[in-house]
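The values are calculated or read from the model by the stated rules, or taken from the named source; none is laboratory data. Just so it is clear, the structure is predicted and the values come from calculations on it, not from any experiment. Neighbour counts run over all protein chains shown; Cβ positions are idealised from the backbone, glycine included.
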């Protein structure tokens, strides 16, 4: 059995808060557990309580990212299939979405490379990039040649 840093109503609250099937708000959950606002404020001052909530948030975000990554290929395939739609507006929007997704991915790649270079230089700057798809493609070609 795994050791839990919090117990009792604090643990019940955190588990209820992250229960996938429960639709209770924070206020409803506190009422259900018979916890008043003052007690809840004291809980929020407790490092272990805040840490447990933060750990659950991190875990939830990780699960969400895994789920999105898992279905990215399916979504991209469906989007590509929509480019052959008989409805010209659907096909046009699918094409625009694909171009937009590629541009976002290209910008991320460029920003990642710049961050790596800056890290090697000992700098900690995040570049602000607003460039066209054509320029981004050319930059990626240059970066690929450099590596």
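Tabulated data
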item	result
Only listed residue being modelled with pLDDT of 80 or more and either in contact with a strand residue (DSSP E or B) (Cβ under 6 Å, 6 or more places away or on another chain) or over 30 Å from residue 5 (Cα atoms) (or both), chosen from 102, 87	87
Residue that is assigned to a helix (DSSP H, G or I), at pLDDT 85 or above and either outside the structural domain of residue 134 (by TED's automatic domain parsing) or under 26 Å from the mean Cα position of the chain (by Cα) (or both), where the choices are 79, 42, 24	42
Cβ pairs under 6 Å, 6+ apart, first in segment 36-64 and farther than 17 Å from residue 26 by Cα, second surrounded by 12 or more Cβ atoms within 10 Å (Cβ to Cβ) and at pLDDT below 95	48/5; 48/6
Of residues in segment 5-25 being in contact (Cβ under 8 Å) with a residue 12 or more places away in the chain and in contact with a helix residue (DSSP H, G or I) (Cβ under 7 Å, 6 or more places away or on another chain), the one farthest from residue 39 (Cα to Cα)	18
